[in-house]
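The structure appears below as structure tokens.
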Amino acid sequence: MKNQPIRMSKPISRRAALAGIGGAGALSVAGAALAPGLAAAAPSPAKTTAAAGTDQLFLSFFAAKSAHSPDRTMAFFDQANTTYTDGTLGWQFPTWAALKALFEQYMPQWPPAARSYPTRILGGENGAAVFFTNTPEEFGHEIRGIAAADIRDGKFVRWVDYWDGRHFGVAATESLRVPAAMFPADFGESKVGQLVPATLGQTVAELSGSLARGDAQAATAVFAEDGVLEDLTLHIEVVGRQSVAGYLGRALAHLPYGQGAGVRHIVGGDGGGAYEWVNSAGPVPRGVSAVELNAAGQVTRLSSIWDGSLVQPTWLAQQTALTTEQ
């Protein structure tokens, strides 16, 4: 890794980023890898279905980043088995040492005003979905995303960030994103395996399978009566099973996590988590959907995020228009 300084409080070019880490590595710009933390304590999550220990693990992790301490931050990752991937940019750190080297080089340079914090945590002792926010002081643009994290014996072994590049800024995202052919085929899931409760796994299988088949009614049947479908990239929220059914009937053929999508990996606990999806035939090839469950295993909220910078504004407007009930 070259030691030329990069001031990360402003957007950087892909050339500068890759020069700083070497051709095979990657520089994160989202929740896990390059978040410098808070000048003060991070706000508590607005929502959590995680067990107390899991909840505290993430809060402590973000607090360590707030202190700009590479050693404290890396203490949350498994030294023998760590993979971090930015699912929007296609950048990856395949080892604990590579990620630690990055923190050691850049963490001391972050401005005190930069903040990164969780707003929702859904999961259990083996993994969770974490909604996070990075303020503009970190990267020159705000990032709001969802991370899928695998946990083994109280340590992070896999962390993948997903966020909307259009919210970050199309030009900035395009300058950082690696070419499609350079995206890693594996986001570390083959190294860690999948450990999720049976109820979560079954619900995700029923929901994702129905969406992939284009079966709006079957997908809607997985929702609770007052369930909510939220698309963070489209900035929409559809409330209630009747409205969800109508929306999916109109939109399912076009949604990136709809027809043709397959599950990459699932993380979470009894109260929910997330499933990462891929769709080589869709308008966007990858993303993540967070799932909140009630005691019966029904979906009370489905929140999806994907890279909106990969599609045109006119296409986004057309999809948003499909929320209008008829």
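Amide H to amide H, which residues 5 or more places from GLY227 or on other chains are under 5 Å from it, using H placed in the peptide plane?
GLY240, ARG241
Of LYS155, LYS100, LYS191, LYS65, which has the most accessible area with a 1.4 Å probe, and how do the rest follow in descending order?
Final ranking, largest accessible area leading: LYS191, LYS155, LYS100, LYS65.
How long is the gain from GLN312 to ALA80 if the chain were fully straight, where each residue apart is worth 0.36 nm and the alpha carbon distance is subtracted?
79.3 nm
Hey, if we sort MET107, MET182 by accessible area with the 1.4 Å probe, largest down, what's the order?
Greatest to least solvent exposure: MET182, MET107.
Rounded, prolate or oblate, given the Cα gyration tensor of the range 192-296, with a/c below 1.5 counting as rounded?
Oblate shape, in that a/c is at least 1.5 and b/c is the bigger or equal ratio.
Residues with amide H under 5 Å of PHE156's amide H, sequence separation 5 or more or different chain, H placed in the peptide plane at 1.01 Å from N; which?
PHE77, ASP78
For the range 160-174, in order, what is each residue's ³J(HN,Hα) by Karplus, 6.51 cos²θ - 1.76 cosθ + 1.60 with θ = phi - 60°, in whole Hz (x at glycine and Pro)?
10, 9, 10, 7, 8, x, 5, 5, 5, x, 4, 4, 5, 5, 5
Just to check I understand the Karplus step: with θ = phi - 60° and J = 6.51 cos²θ - 1.76 cosθ + 1.60, what whole-Hz values come out for the range 98-107, glycine and proline as x?
5, 5, 5, 4, 5, 4, 5, 7, 10, 4
Pull up all non-local amide H partners of THR300: gap of 5 or more, or a different chain, and H-to-H distance under 5 Å with H placed in the peptide plane.
ALA224, GLU292, LEU293, ASN294
Is the C-alpha gyration tensor of the range 60-199 telling us rounded, prolate or oblate? Criteria: a/c under 1.5 is rounded; beyond that, a/b larger than b/c is prolate, otherwise oblate.
It comes out rounded by the Cα gyration axes.
Kindly sort THR320, THR54 by accessible area of their heavy atoms, largest first, with the probe set to 1.4 Å.
THR320, THR54
Enumerate the calculated ³J(HN,Hα) couplings along the range 305-310 in order (Karplus 6.51 cos²θ - 1.76 cosθ + 1.60, θ = phi - 60°), each rounded to whole Hz, writing x wherever the residue is Gly or Pro.
Karplus values, whole Hz, x for Gly and Pro: 9, 7, 7, x, 6, 7.
The values are calculated or read from the model by the stated rules, or taken from the named source; none is laboratory data. Nothing here was measured: the structure is a model prediction, and the numbers come from that model. These area figures cover heavy atoms from the full protein model, side chains too; ligands, DNA and RNA do not enter into them. Shrake-Rupley method; radii C 1.70, N 1.55, O 1.52, S 1.80 Å.
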